[in-house]
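> Before anything else, here's the structure in question.
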Amino acid sequence: MAFNVTEVLEIPIGVGDITVESLLYFAVILTVGVIIARIVAINVRRILAERLPVNERELLAKLVYYGIIVWAFVVALPQLEFDLSGLLVAGGVAGIVIGFASQSVVSNLISGLFLMFEHPIRIGDNINVADVAGSVEDIRVLSTVIKTYDGIYIRIPNEKVFTSNITNYVHNAARRFTYEIRIRHQDDANEAIRIAKEVIETHPFALKNPAPSVFVDNLGDYSVNLTAYIWAPARNWWEVRTDLLWKIKVALEENGIEVPFPQRTVWFADGLEVKGGSGEKNE
């Protein structure tokens, strides 16, 4: 008895007129579509690397990737002898059922799309959202990944990100920080202000526009309190803040201006009698 491969491939498998051959064609077309989608997405990222910011580049790559997969699925579907009009009707009904059953997933999906198009945050931004502070590693379809300053990765649903107050520390190109500088009452406040400004102006990352500001803020119990407002590039803010304070302190001390310690002056009334340990009175 002769064995015919074509006859085997055309044997019905029990689901309408679907055969093993049609299933193989469907799988091959879908696999080729996924491979093409990956290749095209990689090339989109490479070609647009110097032309678009990383957020727009990733968004476009993802749209191209999923678009090609959907196209391949639609092309392969006739191999299963599906009626697309009936599929659309069934898909609409299924969409309603799935929508009620997975409201959080749909909400996260829509929130993710809004985050990608509105750009309140971008990959690489230092932010604080939902009591989580760190750097944005990725904005996915359903969630946002944040790397904390301790090196911990945290996944936050997009709905929570989109509906929370977002503090973006680097959205503005410049960021301000404040110093409180205390000097002794006998020190020259004008000289201290001049020295502090000179140190700030010589720092390579301290911005000249907006200009730094140093002034006498208030008079304390044991010190004259100066306040310094300094602007730095948002990406270098932390390095500048930690570097300048010590340099200002050293420069002040080199010019005889010291940071005072808390002091209290206690006055005793004349003729105050203090009892000694033996019970005798001393004046």
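The values are calculated or read from the model by the stated rules, or taken from the named source; none is laboratory data. Please read all numbers here as calculations on a predicted model, not as lab measurements. Note that each Cβ is placed from the backbone with ideal geometry, even for glycine, and that neighbours are counted across all protein chains shown. Surface areas here come from the heavy atoms of the whole protein model, side chains and all, with no ligands, DNA or RNA. Shrake-Rupley method; radii C 1.70, N 1.55, O 1.52, S 1.80 Å.
> Could you list, in sequence order, all residues of region 227-248 that are in contact (Cβ under 8 Å) with a residue 60 or more places away in the chain and over 24 Å from the mean Cα position of the chain (by Cα)?
Matches in region 227-248: Leu244, Leu245, Ile248.
> Scan region 212-222 and give yes if some residue there is out of contact with any helix residue (DSSP H, G or I) (no Cβ under 6 Å at 6 or more places or on another chain), touching a residue at least 60 places away in the same chain (Cβ under 8 Å), part of a strand (DSSP E or B) and not aliphatic (A, V, I, L, M), otherwise no.
no
> To continue, here is another question. Could you identify the single residue in Arg235, Arg264 that is open to solvent by 30 Å² or more (accessible area, probe 1.4 Å), in a loop (DSSP other than H, G, I, E, B) and of a type in the set (D, E, K, R)?
Arg264
> I'm checking my understanding of the structure. Among residues of region 103-127 that are small (Gly, Ala, Ser) and open to solvent by 20 Å² or more (accessible area, probe 1.4 Å), which one is modelled with the lowest pLDDT?
Top of the filtered list is Ser104.
> For region 120-149, what are the residues that are in contact (Cβ under 8 Å) with a residue 12 or more places away in the chain, more than 11 Å from Ile166 (Cβ to Cβ) and assigned to a loop (DSSP other than H, G, I, E, B)?
Arg122, Ile123, Gly124, Arg140, Val141, Leu142, Tyr149
> Can you tell me which residues in region 149-174 are open to solvent by 30 Å² or more (accessible area, probe 1.4 Å) and of a type in the set (Val, Ile, Thr)?
Within region 149-174, Ile152, Ile154, Thr163, Ile166, Thr167 qualify.
> Being surrounded by 15 or more Cβ atoms within 10 Å (Cβ to Cβ) and at pLDDT below 90 is the filter here, so list the residues in region 217-232 that pass it.
Result: Ser223, single match.
> Just one of Glu10, Glu21 is at pLDDT 65 or above and farther than 30 Å from Gly112 by Cα; which is it?
Of the residues listed, the single one that is at pLDDT 65 or above and farther than 30 Å from Gly112 by Cα is Glu21.
> Okay, moving on. Let me confirm something: among Ile98, Ile68, which residue is modelled with pLDDT of 80 or more, part of a helix (DSSP H, G or I), within 25 Å of Asn158 (Cα to Cα) and among the hydrophobic types (A, V, I, L, M, F, W, C)?
Ile68
> Here's something else I'd like to know. For Ser278, work out the one condition from (1) at pLDDT below 65; (2) part of a helix (DSSP H, G or I) it doesn't fulfil.
Looking at each condition in turn, Ser278 falls short on (2).
> Moving on. Could you tell me whether region 175-189 includes any residue that is assigned to a helix (DSSP H, G or I), at pLDDT 90 or above and surrounded by fewer than 12 Cβ atoms within 10 Å (Cβ to Cβ)?
Within region 175-189, not a single residue is assigned to a helix (DSSP H, G or I), at pLDDT 90 or above and surrounded by fewer than 12 Cβ atoms within 10 Å (Cβ to Cβ).
> Find the residue count for region 138-148, including only residues that are at pLDDT below 90 and open to solvent by 60 Å² or more (accessible area, probe 1.4 Å).
Within region 138-148, residues that are at pLDDT below 90 and open to solvent by 60 Å² or more (accessible area, probe 1.4 Å) number 2.
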